[in-house]
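Structure first, then comments.
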Amino acid sequence: MTTKIFVPLIATSLFCAGLAPVEAYQPKSTMSQKQSLSPAKPQKPQWKRFTPPDKMFAVLMPGRPKQTSQIQKTYMGEIELQIFVAQPPNQEVAYLVVSNQFPFSYAKMAHPQTILNNAQKMALKTTQSRLISQRNIRSSNGHPGKEIKYINSGGKITTSRMFVAQGRLYQVMAMTTSKQHKTLSNTIQGYLNSFQLVLRP
């Protein structure tokens, strides 16, 4: 049985990325119905500190994330999204970090809170989700941010922390089912808390 989790790749209200499927595979049983079934213990993922090639952030990830990039065309020009996704085996959860650089002129003029508010609106719009909670936060080194939690029509819950720093938007997300969200709430909190911006001097 294959369960698909659709991962939102959100930038700002200036553009909208697509929805990329991330699949969680459930192992098939090879035992006959007459054989006794003993529940297998889920394999715990190995959480390790991850830093991307540009070394702009650090975060704990359950294994090495897959890295992809997408080019989005906007009225400002082309913007490149850097996407890092990790999904532990046999768990309906995906951990993501998405970052993008804004053109210098826009980053200089736009207020960070405006960027964060626009990113929130686009997240809810593109995923057709209902907002559960929101709060303003700051990174460990003082940069403005926002935490939002929302649920889509399929019952998938996303917790996202967004930060604006040095002309870039960072989105740290965990997306899971409502059932798994309850059991993984402490793990998701630890993942979000582990994110650190590493800024240029």
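Return the distance in nm (one decimal) between the two label points of a simple spin-label model at T183 and K55, each offset 7 Å from Cα along Cα→Cβ.
A separation of 4.0 nm, rounded to one decimal place.
F104 to N193: FRET efficiency via 1/(1 + (r/R0)^6), r the Cβ-Cβ distance, R0 25 Å, to the nearest 0.05?
0.20
Per 0.36 nm of contour for each residue apart, how much would the distance between R200 and N152 grow if the chain were fully extended, relative to their Cα-Cα spacing?
Contour length minus Cα-Cα distance gives 13.6 nm.
What is the sum of charges, Lys and Arg at +1 and Asp and Glu at -1, for the other residues whose Cβ falls under 14 Å from the Cβ of S133?
+4
Holding the Cα-Cα limit at 32 Å, pick out from K55/K146; K48/K73; K44/K156; K73/K182; K44/K73 the pairs that are longer than that.
Beyond 32 Å: K48/K73; K73/K182; K44/K73.
Along the charge dipole of the range 116-201, pointing to its positive end and built from +1/-1 on Cβ of Lys, Arg, Asp and Glu, which listed residue (F195, S140, T177) has its Cα farthest out?
Sorting the options by dipole projection puts first T177.
Within the range 70-109, whose backbone N sits under 17 Å from a point 7 Å along Cα→Cβ of R64?
Answer for the range 70-109: 83-89.
How many angstrom lie between the C-alpha centres of the range 131-173 and the range 51-96?
One Cα centre to the other: 15 Å.
Read the figures in this text as sums done on the coordinates, not as results from a lab. Just so it is clear, the structure is predicted and the values come from calculations on it, not from any experiment. As a convention, Cβ positions derive from the backbone with ideal geometry for all residues, glycine included, and neighbour counts pool all protein chains shown.
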